[in-house]
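What follows is a single structure, written as structure tokens, with notes after it.
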Amino acid sequence: MKDGGFFKNGTVRTIAALLCVALFLGFVAFMTSQFLSQRRKLAELNSERQQLNDRINELLREQERLQSDLEYIKSPEGLRRYAREELGYILPGDERIYE
């Protein structure tokens, strides 16, 4: 190896260049696969977030309905209705019907 070095040989230079290109392409392929994997995971997480938001909205509607029912049951009319239907309460002049 006289006259300045290892890379003066054309074959060695070609192999080194091909190795650099192969390493670069491998790096690009790895980064591309990571990018695609992250995009796929992000899409899954966005889908899950949408499902959870839908469930939250469903539960909020259920909470509103239950709150409305509770307010009605606490009203005098609601208490009377509950007493008559669930507890068998009858008002004076009513007739009890046995099944």
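The values are calculated or read from the model by the stated rules, or taken from the named source; none is laboratory data. A quick note: this is a predicted structure, and the numbers were derived from the prediction, not measured. Here the Cβ positions follow ideal geometry from the backbone for every residue, glycine too, while neighbour counts run over all protein chains shown.
Side notes on the structure shown:
- No other residue among ARG55, ARG84, ARG49 is of a type in the set (D, E, K, R), surrounded by 10 or more Cβ atoms within 10 Å (Cβ to Cβ) and more than 45 Å from the chain's Cα centre (by Cα) apart from ARG84.
- If you go through the stretch 49-99 and keep only what is assigned to a helix (DSSP H, G or I), aliphatic (A, V, I, L, M) and at pLDDT below 95, you end up with LEU70, ILE73, LEU79, ALA83, LEU87.
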